[in-house]
Structure formats: structure tokens, C-alpha cells
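Working notes, structure below.
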Amino acid sequence: MKRDVILYGAALLLVHCTGGCSAPSDDASAPPVERRDAPSTAGAPAADTRLVMAFGDSLYAGYGVQQGESFPAQLEKALSDKGLKVSVHNAGVSGDTTAAGLQRLAFALDGLPRKPDLVILGLGGNDMLRGINPEQTRANMDAMMAELDRRDIDVVLTGIVAAPNLGQDYAQAFNPIFATLAQKYDAPLYPFFLDGIITDSTLMLPDGVHPNAKGIARVVTKMTGIVAEELR
């Protein structure tokens, strides 16, 4: 895990510098570093099919892979292979910060054919990449969790860790956000979405930040049991 974080920090520093090496900013309205991809749409599932919404950034959207290779698409297949009738809606948007996610969460939920049985929530990586104040990240994530709780929707939370180049103070403020909110809202937590993936170049895209189709499959293998347990 420690080696994963170190390599993750090096890759993010490279991406940050490629984007112009701008100074960290607390402005959540700054333009995203990543390309923005439109999330795939999903038709209305059958009445006996569980509806899951995967709500996140590029790690969910399927950055750099085919639509059928994205995290939501591979997760749906893995759950189906376990005998669960599930439709996983891809609501990932590359470049989204937690502030952008908060702005579109209600719209995304209301745009579904019915209330989802589960939301998988994964944001915060772009906040960290920009050096956004962790208190803003925490507040935005808390507000999203509160909205899902208000709607009586179960959540599985996936976390991210701060790159070492951002410093110990930033990491100490940022890293506990996900575990704290998972405990507060009694939600299962997958602590680091890229755990065990980012150290293997055969599982990553050339940018060193996003997983390729094989890397996503590895994440899905680790997460399928967690999601299946929540759905059952």
C-alpha cells in the first residue's frame, strides 16, 4: 500500500505539471485537468433488476477504455456472473471535483428511471490533484452522503489517498475523510480505488494514473463481493 501511494504521487505530479504546473488552488470552479467524457446512459431496468448508480470521476467514467470496459460495465457483468440481476448505471464524469459532483448529484438521481437500490460513490481525486482545501472536499462529500441518506439510498464509498508530494499536513487532513464519512453514515468503504493496481504498469494506461481494462477488472474482482453483499 505504501509503495502504491508513492508511485501514485509521482504519477499525479507528472500529470499536474503536464497541465501547466499551476499552483494549488482552493477554487473548485477552476478548469479540470482531465478530459471530460460524457457518461454512458442506461435504459430502464426490469422490475426485478436491482439498479445501481456508479457516481464518480474518470476512474468510474471509463477514461481511456472502451465503454464496455469501464468500471460500471465490468461490475455489472461480475455481479451478473454471481447470479444477481443488476443494472449498473455509469454516472462517472472525468474531471469532476467533489464540488462538481455535489452540483449534479440530485440531477443524476432524478434522471434515473427509479430510485437506485445502491449508489457507489467515488470522488476526491481531482480535489487532491488541484490541492483543494481538504475541508472543502470533506464538506462536499458529507453533503453528498447526507443527500443519499435523506433519500434512503444505500452507499458503497470508494476512497483515494493524497499524493506524498502534497506534504504530510495535506495528507493528514485529506486521507481520513473517506473512513470518517463511511463510519458516520454506516457505509462500506473500499479505502483506495487503485490499491494493488498502480504499482503494475501492465494494469495502467500510459499516463500512470488511470487503470486500463485489465486494471479495472482487478478492481472489480476486489469490489464485487462488497457490492453484492450490500445488494443482498
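See the values below:
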| read-out | value |
| --- | --- |
| Answer from TYR170, TYR190 - the residue that is over 30 Å from ASP117 (Cβ atoms) and hydroxyl-bearing (Ser, Thr, Tyr) | TYR170 |
| Number of the condition not met by ALA42 [criteria: (1) hydrophobic (A, V, I, L, M, F, W, C); (2) at pLDDT 95 or above; (3) over 22 Å from GLY125 (Cβ atoms); (4) assigned to a loop (DSSP other than H, G, I, E, B)] | (2) |
| Members of the range 78-107 that are closer than 19 Å to THR49 by Cα and touching a residue at least 24 places away in the same chain (Cβ under 8 Å) | ALA78, LEU79, LYS82, LEU84, LYS85, VAL86, SER87, VAL88, HIS89, ASN90, ALA91 |
| Some residue of the range 59-78 being in contact with a helix residue (DSSP H, G or I) (Cβ under 7 Å, 6 or more places away or on another chain), of a type in the set (A, V, I, L, M), modelled with pLDDT of 95 or more and over 28 Å from LEU148 (Cα atoms) | yes |
| Residue count, the range 152-191 (criterion: closer than 24 Å to THR224 by Cα and not aromatic (Phe, Trp, Tyr)) | 24 |
| Output for the range 54-108, where each listed residue is under 25 Å from GLU135 (Cβ atoms), outside any helix (DSSP H, G or I) and of a type in the set (S, T, N, Q) | SER94, THR97 |
| The range 172-212 - residue that is assigned to a helix (DSSP H, G or I) and crowded, with 18+ Cβ neighbours inside 10 Å and, of those, nearest to the chain's Cα centre (by Cα) | PHE178 |
| Verdict on LYS115 being assigned to a loop (DSSP other than H, G, I, E, B) and modelled with pLDDT of 95 or more | yes |
| Identity of the residue in the range 122-171, among the aliphatic types (A, V, I, L, M) and under 14 Å from LEU102 (Cα atoms), that ends up surrounded by the most Cβ atoms within 10 Å (Cβ to Cβ) | LEU123 |
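The values are calculated or read from the model by the stated rules, or taken from the named source; none is laboratory data. All values reported here derive from a predicted model rather than from experimental measurement. Virtual Cβ from ideal backbone geometry, glycine too; neighbours counted across all protein chains shown.
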